[in-house]
Amino acid sequence: MTINQLSEQLLLQVKMQEPTAKSIALLEALPPASLQAALDKDTRKKAFWINIYNAFFQILRSERQVGKPAIYRQKLVNIAGQAFSLDDIEHGILRRNRIKWALGYLPNPFAPALLKKLAVSEVDWRIHFSLNCGAKSCPPIAFYSPEKLERQLDMATRSFLESETEVFPGKKEVHVTRLFQWFLGDFGGRGGIRRILKEKGNLDTAGMKLVFKKYDWEEELNNFNRGDTS
């Protein structure tokens, strides 16, 4: 079983509410060097760490009753003998060591050497439509594999934009997910948002005002995608 398949297995066990202890133990026992060796391409890195993030958020919240903000900050995820926080995974590895609250415009000059080694080579803004932090406004959880990653991330993006975007022609406004505002730099600024809406949502927003919707933080766990995730 590859390291990516192990991450999918763990996430499936979470979905099916099956015991996860054996899979977690296998992840902890991985040789430290295996993370860099097995996750040698961005497709493998993204698929693995998205699955790990989504699986462990559910485990930490549902099984271990870890609250916020500790669930993001504490290093409670053990992979290959190394302790990671969910913030390490999201903002360190998947966002290539961006400062969490800087809208995606500032790198973290104090990023640990390990996160620098494991980070993706290029930030993929679509990851924001794949990570689930247990809130009602979060994208649903899907399963990601390196071989199908491009199609899977595109599907997740289109589906989320379709469900979260509202157009009001009379007011010349388009209401979009607050994720666009929080990670503005990742998306290429407001111009980038408009390009994304046009390319992925088939929506021309020229002459329309972008309005960022309120984020619904009401807890909604086990929100798995019911559609095709293959």
Hits in the range 19-54 - residues which are more than 25 Å from A113 (Cα to Cα) and in contact with a helix residue (DSSP H, G or I) (Cβ under 8 Å, 6 or more places away or on another chain): P19, T20, S23
Determine whether the range 198-215 contains at least one residue that is assigned to a helix (DSSP H, G or I), hydrophobic (A, V, I, L, M, F, W, C) and touching a Phe, Trp or Tyr at 6+ places or on another chain (Cβ under 7 Å). no
Helices (runs of 4 or more DSSP H) wholly inside the range 1-87 that include at least 2 residues being within 29 Å of D154 (Cβ to Cβ), among the hydrophobic types (A, V, I, L, M, F, W, C) and in the same structural domain as F129 (by TED's automatic domain parsing): 3-15, 34-38, 42-58
Considering each residue of the range 192-210, count those that are surrounded by 15 or more Cβ atoms within 10 Å (Cβ to Cβ) and at pLDDT 95 or above, and give that number. 10
Subset of the range 151-167 [out of contact with any Lys or Arg (no Cβ under 9 Å at 6 or more places or on another chain), closer than 23 Å to Q5 by Cα and in contact (Cβ under 8 Å) with a residue 60 or more places away in the chain]: Q152, M155
When both residues are 6+ apart or on different chains and their Cβ atoms are under 7 Å apart, which pairs have a first residue that lies in the range 197-215 and is outside the structural domain of P139 (by TED's automatic domain parsing), and a second that is loosely packed, with under 11 Cβ neighbours inside 10 Å? none
(1) closer than 26 Å to Y72 by Cα; (2) in contact with a Phe, Trp or Tyr (Cβ under 8 Å, 6 or more places away or on another chain): which one isn't true of L221, the others all being true? (2)
For the range 127-140, name all the residues that are over 14 Å from R96 (Cα atoms) and either out of contact with any helix residue (DSSP H, G or I) (no Cβ under 7 Å at 6 or more places or on another chain) or in contact (Cβ under 8 Å) with a residue 24 or more places away in the chain (or both). F129, S130, L131, N132, C133, G134, A135, K136, S137, C138, P140
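The values are calculated or read from the model by the stated rules, or taken from the named source; none is laboratory data. No experiment lies behind these values; they were computed from the predicted model shown. Counting neighbours? That spans all protein chains shown, and the Cβs are built from the backbone with ideal geometry, glycine included.
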